[in-house]
1. So how much slack lies between Asp244 and Tyr299, counting 0.36 nm per residue of separation and subtracting their Cα-Cα distance, in nm?
2. Highest mean first, what order results for 258-267, 145-154 on Cβ atoms within 10 Å?
3. Exactly which trypsin sites (Lys or Arg not before Pro) in region 126-233 are in a DSSP loop and have at most 15 other Cβ atoms within 10 Å?
4. In debye to the nearest 20, how big a dipole does region 93-198 give about its Cα centre with +1 on each Lys and Arg Cβ and -1 on each Asp and Glu Cβ?
5. Taking the chain as the reference, fit the longest principal axis to its C-alpha atoms, fit the long axis of helix 173-186 to the helix C-alpha atoms, and give the angle between the two in degrees, 0 to 90, nearest 10.
6. Which shape class applies to region 30-123: rounded if a/c is under 1.5, otherwise prolate when a/b exceeds b/c and oblate if not, where a ≥ b ≥ c are the square roots of the Cα gyration tensor eigenvalues?
7. Magnitude of the Cβ-charge dipole of the chain, K/R +1 and D/E -1, about the Cα centre, nearest 20 debye?
8. As I understand it, the value is the acute angle between the Cα axis of helix 2-15 and the longest principal axis of the Cα atoms of the chain; what does it come to in degrees, rounded to 10?
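Computed from the coordinates by the stated procedures, all read-outs in this text should not be read as laboratory data. Because the structure is a prediction, the values reported are computed rather than measured. A quick note on method: Cβ atoms are made from the backbone with ideal geometry, for glycine too, and the neighbour counts reach across all protein chains shown.
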Amino acid sequence: MDDLVALARVSAEIGSNRLLIQAAGGNTSVKVGGVLWVKASGRWLAKALEEPIFAALDLSRLTGAMALGDPACETCDAFVRADLSGSGLRPSVETTLHAGLPQRFVLHVHCVETIANAVLEDGASRVAPLLDGLRWAWVPYTRPGFPLFQTITPGADVYVFANHGLVVAADTLEAAVALLATVGRRLARPVQAAPTRPAHGVERAGYRFADAPALTPHGARFAAAGTLYPDHLVFLGSGAAHIDSVVGAPPVIVAPGFPPLVREDLAPAPLALARCLGDVAARLTPDDRVRYFTAQQEYELTHWDAEIYRHSLPGSE
Ligand SMILES: [Zn+2]
């Protein structure tokens, strides 16, 4: 069980780094003696040392079902080892991804530096020279869960998920952590300097500034133009409103020269995703071509039982 203890320690560390993980996003796993230990749905990696967050699954039964395309692989509930798992822990929506990669340790993060590349229309060609020398693959956007795993060809150590995030995998935890750092460093995009403006006219009742970088005019425009990645949509709804076209009381308002304005009643999860949106948008440049979710992609995420469950957990809203 040393591996699981070590994974919990690393999970708490990366879960506390807002540039890697926001709220209950991301998931980590280790394979030990025929058991897959994977973060449970809706749990926060940051709390890995405070409470049980890992569900245990029978790895051979699960991978056997995956090979047959068994619909039970959508939730993976049927493969949980109840004798090992804490009660009330449902396996992560990305469990099949963790099971299907052969490496012992798998870390999936919503790395801001990766996302700032992964939302670009030409993201694959931008990332290619930066990841040269690593065994990596670009994965076109697919709805998370079993469908996403089915688009993957095992054989790489690094997967960049378009409009989503990053996966690194290795047989030792040290190697996985080192890979995570390497990719984050290579894909880093500088925060764009925003013009400073007087707060007059931007501050509004019921809102406060998020602890995030001030946005450039194009950063604010990009942030308000659509939804960029799954947790953006799941926790912030249709996204942020631009200061010039606010209707009602959206969760986030973006204005050039300022960090995102967040509604004061936001729960921890949407608040973390509002900050993340600011972190991503602050790294976009005027000539970037950004790819947003289509209406169909938004529909399949918001009508997916697993996301509805995740969104219903404490701290989510
Ligand atoms: Zn994810």
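1. Extra length available between Asp244 and Tyr299 comes to 17.1 nm.
2. In decreasing order of mean packing, 258-267, 145-154 become 258-267, 145-154.
3. Arg135, Arg204
4. Details: 8 positive and 8 negative charges, 50 e Å.
Rounded to the nearest 20 debye, it is 240 debye.
5. 30 degrees
6. Here region 30-123 falls in the oblate category.
7. 500 debye
8. Long axis of 2-15 versus the principal axis of the chain: about 10 degrees.
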